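See structure below.
Just so it is clear, none of the values below were taken in a lab; they were calculated from the coordinates. Because the structure is predicted, anything quoted here is derived from the model rather than measured. In this analysis, Cβ positions are derived from the backbone assuming ideal geometry, glycine residues included, and neighbour counts consider all displayed protein chains.
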Amino acid sequence: MPAICLITALPSEARPLIEHFRLSALRHKHLRLYQGTLTWPCLTKAKANQTSANQNSTIQKSATSKEVTLYLLQCGVGKLNAAANTGAMLEFLPSINAVINLGIAGSDRPLGQTLIAHCLQDKASSQQWYPHLPSPKHIDNTVSVKVQTVDTPACNYTDDIAFDMEASGIVTAAAKVLDLAFIHSIKVVSDNHESTIERITSKSIGTQLTNCIPVLNNLMAALPFDTVPNLADAEELSQAVQSRIHFSITEQHGLSQLLLRHKALLGELPSETCLLKLATAKSICQHLTGKLALASISY
Amino acid sequence: MDTIYIEKEVMSFPRTQAILGKYPNARHVPIARYTDIFNAPAQNFRVQKNNPALILAKKHGNLVLPTPPDYHIGGHNNYYFSHMLNCIYDCRYCFLQGMYRSANYVVFVNYDDFFTDIATTTNNNTEPSWFFSGYDCDSLALEPMTHFIEQCLDAFDNLPKAWLEIRTKSTQIRNLTSRTPIDNCVVAYSLSPENIAKSEEHKTPTLNKRISALKSLQDQGWKIGLRFDPLLKAQNFEQLYSELFEQVFSAIDASLVHSVSLGPFRLPKPFFKKMIRLYPESALLSANMSMRDNMLSYDEKTETNMLHFCESQLKDRIQPEQYFPCVSVS
């Protein structure tokens, strides 16, 4: 089951999401974390079971329900808080597959308009990242802009930039472990030329964040989890074997590769019982290598 | 195409505007240089391949490059150029998966700079020069959008000392069949046995469609080339490739084929390592390989047997002067 972490800076940004997704607090010494489960019906691409080792698989579209573990991190204001908390969260929750930053931003666009970042830029360093966005039609044709992270609030509004104070910190930390197809930033316009930053209230933030939930839902549904290879069963077998037989680090890597090749070439993983009978790491690797040397592909 | 990144430098180019006009619903993202996106870390080729974006850019410098030594079809001066990076097809053996971090398509819209470099390179050589298109992309697959080959043919029509090879798996040949063939151009199709194409060459036209395209081009007077590349190992290799040669040579006039080449399956080790990480479930990439000359390939004996078999099949169908092995068979 994929795991997504929503990241907001302020409690008033987090509150509507916690309520909407019915998240409950997760105990952690330093982080403000919440957790829940999300299920929604959607169209997913499901790979038909491979009937043979020749990879003759077909892609089928089927209506299924998709379930994800949803976390929320309230990281505090500013890019340093954002980077430090995101890094700590990803260390604490290594199963996270995607992070989505949500929050308010200043832009010369209508108040309350939901925007998605096609570029995240740290203004101080000019460093930038380009999230790989889903099709506009999958996210309600939400307008995309550059989200520029500033160190102090900015008011030189334009319609192609949204100012925030956390996004670059989040992406700096998250891009160490996640691909840019799984790091996104959704912003709601909280201030513009007509309604400046002083007029932002806790209540207005709550309303604006509530309004962006439909786009958030569509973005989460469009995240391409299905295209990432599933290595879980091979990894599980590898761990099970290693819990009984000592493998050096090199042998551990070798075992993982051999198990994946076994599955690819022979259509299934070897049996755990059979592997454990071999008693040593070396003999297991030799056995698998010998078996794979005889494997052939037929088209 | 859902997302189009556009270098600010090319935003106003008529060619850029023409391409943008074909995708009215795409989101447009202005960028400084294509490398900001294309070479950036934290990208997943496989994930992007599912929904690639288009990047419109200007190519600066090194527009025409010398080919590797074995890459030729008889000429002495051999070059390649890429007006595009990446391919709409998804062939599991393709080295582009290992070479690039991004699966987004880059189209360099300064076509005229390519043609100028090709003309300069041609004029610098006394002997004819060969230019290979389709090294980092499929030459024709996006032709309805780019119209690059259409304009390239006009350029080569005025360069009798230059030869063009258009390498493709695409059946987008309208821009060729709608004009008079030019003498100094070879349209070369990459061909694999039907079952291999179905299993490993995702999103490509079927073998039959490629053969039909070859026949149409040949009937119209275009020089055609056959590229059996890469040769993939299979338990039923001889059956697969016998059938392939039979299908191809029963449809076309072998005596009029400009050139035929064979190519063994070889990948630089870093590319291979990246590809197997992307596609651990691929049987093709999980097969036994050995390292030779810093390349991963089938073991030497297997490779030689495969090449010998194909050569023996071709010997009865083509003349020696039509055959160009990519490697010499010991």
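How do B:K49, A:K203 rank when sorted from fewest to most other Cβ atoms within 10 Å of their own Cβ? Could you put the intermediate results ahead of the total?
Working: B:K49 20, A:K203 9.
By the 10 Å Cβ count, ascending: A:K203, B:K49.
Ranked by Cβ crowding within 10 angstrom, fewest neighbours first, how are B:R292, B:R266 ordered?
The most exposed by this proxy come first: B:R292, B:R266.
Taking the Cα centre of each part, how many Å lie between region A:121-168 and region B:60-118?
Their Cα centres are 33 Å away from one another.
Which shape class, rounded, prolate or oblate, goes with region A:102-183 when its Cα gyration tensor gives a ≥ b ≥ c as root eigenvalues, a/c under 1.5 marks rounded, and past that a/b bigger than b/c marks prolate? Let's see the in-between values first.
Values: a/c = 2.09, a/b = 1.05, b/c = 1.98.
Judged from the Cα gyration tensor, region A:102-183 comes out oblate (a/c at least 1.5, b/c at or above a/b).
Among residues other than A:L23 whose Cβ falls under 14 Å from its Cβ, what is the net charge (Lys/Arg +1, Asp/Glu -1)?
Numbers: positive: A:R15, A:R22, A:R27, A:R32; negative: A:E13, A:E19.
For residues surrounding A:L23, the net value is +2.
In square nanometres, what is the average projected area of the Cα convex hull of the protein assembly as shown?
It is 30.7 nm².
So who's got an amide H within less than 5 Å of the one on A:V143, skipping anything under 5 residues away but keeping other chains? H placed 1.01 Å off N, in plane.
Amide H neighbours of A:V143: A:I116.
Between B:D157 and B:N288, what is 0.36 nm times their sequence separation minus the Cα-Cα distance? Round to one decimal in nm. Please report the intermediate quantities before stating the final value.
Numbers: separation 131, 0.36 × 131 = 47.16 nm, distance 4.62 nm.
Residue separation times 0.36 nm, minus the Cα-Cα distance, leaves 42.5 nm.
What relative contact order, as a whole-number percentage, does chain B give when Cα pairs under 8 Å and 6 or more residues apart are counted?
Values: 575 pairs, mean separation 47.1, N = 330.
It comes to 14 percent, rounded to a whole number.
For each pair in B:K58/B:K274; A:K263/B:K49; A:K291/B:K209, compute the distance between the two Cα atoms and list the pairs where it is over 31 Å. The partial results should precede the final answer.
Numbers: B:K58/B:K274 28 Å; A:K263/B:K49 23 Å; A:K291/B:K209 38 Å.
A:K291/B:K209, as the Cα separations exceed 31 Å there.
Collect residues whose amide H, placed 1.01 Å from N in the peptide plane, falls under 5 Å from the amide H of A:A3; neighbours closer than 5 in sequence don't count.
Amide H neighbours of A:A3: A:T69, A:N97, A:A98.
Give me the net charge for the shell around B:Y241: Cβ to Cβ below 13 angstrom, other residues only, Lys and Arg +1, Asp and Glu -1. Mind showing how you got there, number by number?
On the way: positive: B:K233, B:R317; negative: B:E194, B:D229, B:E238, B:E243, B:E246, B:E311.
Around B:Y241, the surrounding residues sum to -4.
May I ask for the percentage of alpha-carbon pairs in chain A that lie more than 36 Å from each other?
Values: 13754 of 44551 pairs.
For chain A, the share of Cα pairs beyond 36 Å comes to 31 percent.
Within 10 Å of each Cβ of A:248-255, how many other protein chain Cβ atoms are there on average?
Counting Cβ atoms of other protein chains within 10 Å of each residue's Cβ and averaging gives 0.
Can you work out the Karplus-derived ³J(HN,Hα) for every residue in region A:115-129? Use 6.51 cos²θ - 1.76 cosθ + 1.60 with θ = phi - 60°, whole Hz, and x for glycine or proline.
10, 10, 7, 9, 8, 10, 10, 8, 5, 5, 9, 6, 5, 9, 10
Can you pull the Rg over Rh of chain B, Cα-only, Kirkwood?
Working: Rg = 19.6 Å, Rh = 20.7 Å.
That ratio is 0.95, to two decimals.
Across the residues of A:167-176, average count of Cβ atoms on other protein chains within 10 Å?
Numbers: counts 0, 0, 0, 0, 1, 0, 0, 1, 4, 2.
The shielding value for this peptide is 1.
Quick one: what does P(r) look like for region A:232-294 with 10 Å bins over all Cα pairs, in whole %?
Percent of Cα pairs in each bin: 23, 64, 12.
Using modelled backbone amide H atoms (1.01 Å from N, in-plane), which distant-in-sequence or interchain residues come within less than 5 Å of B:E165's amide H?
Long-range HN contacts for B:E165: B:F131, B:F132, B:S133, B:V186.
When we measure straight from the Cα of B:K198, which aspartates and glutamates land under 12 angstrom away, once same-chain ones fewer than 8 places off are left out?
Counting by Cα, and skipping residues close in sequence, B:K198 has these aspartates and glutamates nearby: B:D90.
Can you sort B:F13, B:F131 by how many other beta carbons sit within 10 Å, fewest first? Could the numbers behind the result be given before it?
Values: B:F13 17, B:F131 28.
Neighbour counts put them in this order, fewest first: B:F13, B:F131.
Return, in residue-number order, each cysteine of chain B whose C-beta is not under 4.7 Å from any other cysteine's C-beta.
Within chain B, the cysteines lacking a partner Cβ under 4.7 Å are B:C87, B:C137, B:C152, B:C185, B:C310, B:C326.
Over 22 Å between Cα atoms, which of A:K79/A:K203; B:K59/B:K169; A:K146/A:K187; B:K8/B:K203; A:K66/A:K137; A:K123/A:K176 qualify?
On the way: A:K79/A:K203 24 Å; B:K59/B:K169 25 Å; A:K146/A:K187 10 Å; B:K8/B:K203 32 Å; A:K66/A:K137 19 Å; A:K123/A:K176 20 Å.
The answer is A:K79/A:K203; B:K59/B:K169; B:K8/B:K203.
By the scheme Lys and Arg +1, Asp and Glu -1, what is the net charge of all other residues having a beta-carbon under 12 Å from that of A:Y34? Mind showing how you got there, number by number?
Numbers: positive: A:R15, A:R22, A:R27, A:R32; negative: A:E19.
Local net charge: +3.
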